[in-house]
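To start, the structure under review is shown below, and the notes come after it.
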Amino acid sequence: MKGTIGAFWGVAGVVLLLTSAVWRLTPIAMAAFNEELLWYHWGSLLAVVFGMAYAEGYVGFQQRFSPRVAARARYLRERSNLLHVILAPLFCMGYFHATKRRQITSISLTAGIIVLVVLVRFVSQPWRGIIDAGVVVGLAWGICSVVVFSVQALGSAAFPYSPEVPEP
């Protein structure tokens, strides 16, 4: 029972974190449409949205992050301890009880995202809205892929992705 609660808390925490980002960025992205957009703004918007859908949504989330989150939630369901259950979202994102490479990658990626968030705050509209529109599309794709992979991982007998935990 503890492991099942941890697995669901881990997935729900990750989804809530991503949903919070979408919720906060959507009004900023929509504010770009209050500006007078010229042809190059529209071209940039299309390029950024499709580029982020591919790079962030498909490659980043669907190919890498989401299967790992689901695999770690599955691992947590099967081999849980109280600390891992309490910190399940952080566990599922690979911040601890992960291979050194996974921990370094997770922490480095988070630090890089924080730096980009800070830098984008200095960009004026409509460019900030254009960038944030791409981020919202990528994050929405990520939310969907986390849910789909988690349903597969927690609802099937086998799941072919590694949770990237240290060897015993």
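Coordinate-derived values only; no laboratory data. Only a predicted model underlies this, so the values are computations on that prediction, with no experimental measurement involved.
Each part gets one Cα centre, and for region 1-41 versus region 103-121 those centres are 16 Å apart. Any idea what angle helix 66-78 forms with the longest principal axis of the chain, computed on alpha-carbon atoms, 0 to 90 degrees, nearest 10? That works out to roughly 30 degrees. Length available on full extension from L119 to I5: 0.36 nm per residue minus the Cα-Cα distance, which gives 37.3 nm. Binning the alpha carbon pair distances of region 1-81 at 10 angstrom intervals from zero yields the distribution 16, 32, 26, 16, 8, 2, expressed in whole percent. Once C-alpha pairs closer than 8 Å and six or more residues apart are averaged by separation and normalised to the residue number of the chain, the relative contact order reads 46 percent.
With 0.36 nm allotted per residue and the present C-alpha distance subtracted, the F33-R101 stretch has 20.3 nm of extension available. Were the residues from T26 through Y54 laid out at 0.36 nm apart, the gain over their Cα-Cα distance would be 8.2 nm.
Taking every DSSP helix (H) stretch of at least 4 residues in the chain, weighting each as -39,500 (n - 2.57) and dividing the sum by the residue count yields a mean residue ellipticity at 222 nm of -23500 deg cm²/dmol.
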